[in-house]
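One structure is given below, encoded as structure tokens.
The values are calculated or read from the model by the stated rules, or taken from the named source; none is laboratory data. As the structure is a prediction and not an experimental result, all values here were calculated from the model. Methodologically, a virtual Cβ is constructed for each residue, glycine included, from the backbone with ideal geometry; neighbour enumeration extends over all protein chains shown. Keep in mind that these areas ignore ligands, DNA and RNA; they rest on the heavy atoms of the full protein, side chains included. Shrake-Rupley method; radii C 1.70, N 1.55, O 1.52, S 1.80 Å.
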Amino acid sequence: MTAKNFELKNPNTGLTTSLPVRSGTIGPDVLDISNINRDQGVFSFDPAFGVTASCESKITYIDGDAGILLYRGYPVEELAEKSSFMEVAYLLLYGELPTVRQAQEFSASISRHTMINESLLRFFHGFHHNAHPMAMVSAVVASMSAFYHDSTDIHDPRHREIFAHRIVAKLPTIAAAAHKHSVGQPFVYPRNELAYCSNMLSMFFAVPCEDYEVNPVAAKALDLLFILHADHEQNASTSTVRLAGSTGTNPYAAISAGVAALWGPAHGGANEAVLAMLEQIGTVDNIPKYLAMAKDKSSHFRLMGFGHRVYKNFDPRAKIIREICHEVLAKLGRNDNPLFELALHLEEIALKDEYFVSRKLYPNVDFYSGIIYSALGIPRSMFTVMFAIARTVGWVAHWLEMIADPGMRIGRPRQLYTGAARRDYVPAALRKTA
Ligand code: ACO
């Protein structure tokens, strides 16, 4: 904390408050208003948390104007080029890059926790075959709290670590089970000799009647997408996990709340919506018509995969994904992908349009990721589940940071009440219709 202060004077009461200004390692200062109610008798009003820092965190930093994203200080571009998802998971969870031995032990521990209880597998039979996979994943993750309730003491650091390894390890297994249920195929058990993403592809695409060989290009592409999706500081789903977790609830239940929050089309669900939108647009000739709809406030149509609360510049993740789209599609022999061509045209045209330029609306992480997931054979309804697998690492890192903080308190926002003032109860016979 610095010695800087911000003087606030209420002209009606004459009361003056000195608000401490707090500085982070990098990024804008924040005004500490935690005593404003005690000193001035008012609350702050910031619906949708546009300018509110809800916590202190050491995990991820974003500079939305410069298009910078750092995990524990490391630029996401460098991690994407040189690291792996397992290494990034360790970095986010433990704060430092692992040594060779730490990396081996961590990967081994994750591999050992990949199986899920057989009873949990039977849960899937209760879902209709066309249930959305995010609904199944959210429900099954929540149900894990029933299996690990008595054995999870959130105040015990070792229990917290076991929880972290378990949920990171089991999310791909749960996701694959949801997929197999949707397509009516038998569940494929994890293969612990495979690396994280290879194992995920095997559980997704293997069938008991044939040998399945993981395509290394597909595994590498998935690993890269997972690195890019692993964390994004206090976004809607992470804040949901923190808020739910702040009550002391079972951590599996808190992660399930995060899955539910991610599902929405304004957040992680946009990757699914982008492909639907591109198919709807169909051809380059139709782009102007759909851009006009996106600009028309009465149409409720938005350009999915465009815009971001924090990035007012290129989302660095979208840039990387657009670059690797060319490479991955070529290596997989799908370089004549018409939806990718359409997406490139749409980006080009939108970024020359005054509406998008003046509002600083750029492609976000969801704009191109679906093109790669499709090329890997992952069905559209599973795209947001892929996001959830990767983001589980971030959710857990934030939950761990919050629970280990001795100053943690239950999250409890206030409100500006605009309902009826106090009034007396009127017996039914005397009530007048409005
Ligand atoms: N298409 C058309 N107009 C848009 C879009 C869009 N995709 N995004 C924002 N705008 C417009 C808004 O209508 C608003 O215009 P106005 O100033 O004339 O009223 C202005 O840009 C600011 O937009 P807000 O909605 O206030 O921005 P906010 O920060 O609340 O929303 C969000 C951010 C939800 C991402 C929004 O840009 C959006 O809906 N994008 C499409 C969905 C999407 O891609 N979501 C994924 C985000 S990344 C992630 O969560 C992983």
Paramagnetic label zone (point 7 Å from Cα along Cα-to-C-beta, Tyr74; backbone N under 20 Å) in the range 393-407: 393-401
Two-site label geometry, Thr99 and Glu354: point separation in nm, points 7 Å out along Cα→Cβ: 6.2
Simple label model, 7 Å out from Cα along Cβ direction - Asp46 to Lys289, nm: 4.3
Sulfur and carbon atoms: percent of accessible area, the range 147-213 [1.4 Å]: 50
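Express the carbon and sulfur contribution to the solvent-accessible surface of the range 25-137 as a percent, rounded to the nearest whole number, probe 1.4 angstrom. Can you show the working numbers first?
Numbers: 3650 of 6640 Å².
The computed percentage sits at 55.
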The range 289-434 - charge dipole about Cα centre, Lys and Arg +1 at Cβ, Asp and Glu -1, debye rounded to 20: 980
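Accessible area per residue for the range 303-434 in Å², computed with a 1.4 Å probe and the full protein assembly in place, what is it?
Working: 7040 Å² over 132 residues.
So the range 303-434 comes to 53 Å² accessible per residue, rounded to a whole number.
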Cβ-placed point charges (K, R +1; D, E -1), dipole of the range 189-296 about Cα centre in debye, nearest 20: 380
Exposure of Tyr148 as accessible area (Å², to 10), given a probe of 1.4 Å and all protein chains: 40
Label-point separation in nm, Thr249 to Lys58, each point 7 Å along Cα→Cβ: 2.8
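Mind scanning Lys82/Lys360; Lys82/Lys319; Lys289/Lys331; Lys220/Lys352; Lys58/Lys352; Lys312/Lys352 and naming the pairs with a C-alpha gap bigger than 26 Å?
Working: Lys82/Lys360 30 Å; Lys82/Lys319 17 Å; Lys289/Lys331 34 Å; Lys220/Lys352 33 Å; Lys58/Lys352 37 Å; Lys312/Lys352 15 Å.
From the list (Lys82/Lys360; Lys82/Lys319; Lys289/Lys331; Lys220/Lys352; Lys58/Lys352; Lys312/Lys352), the Cα-Cα distance tops 26 Å for Lys82/Lys360; Lys289/Lys331; Lys220/Lys352; Lys58/Lys352.
Show me 408-418, 206-216 ranked by packing, highest mean number of other Cβ atoms within 10 Å first.
Working: 408-418: 9.4, 206-216: 12.0.
Result, highest mean first: 206-216, 408-418.
For the chain, what does the convex hull of the Cα positions come to per residue, in cubic angstrom?
Values: hull volume 93.5 nm³, N = 434.
So the per-residue Cα hull volume is 215 Å³.
FRET efficiency for Asn192 and Glu323, Cβ-Cβ distance as r, R0 = 30 Å, nearest 0.05? Intermediate values should be presented prior to the final figure.
Working: r = 33 Å, r/R0 = 1.09.
Computed FRET efficiency for Asn192 and Glu323: 0.40.
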Sulfur and carbon atoms: percent of accessible area, the range 363-412 [1.4 Å]: 51
Dipole-positive endmost among Ala244, Ile287, Thr60 within the chain (Cβ charges, Cα centre): Ala244
Residues Asn12 and Arg380, FRET efficiency given R0 of 56 Å [Cβ-Cβ distance, rounded to 0.05]: 0.50
Per-peptide average of other Cβ atoms within 10 Å, ordering 97-108, 70-81, 37-48 highest first: 70-81, 97-108, 37-48
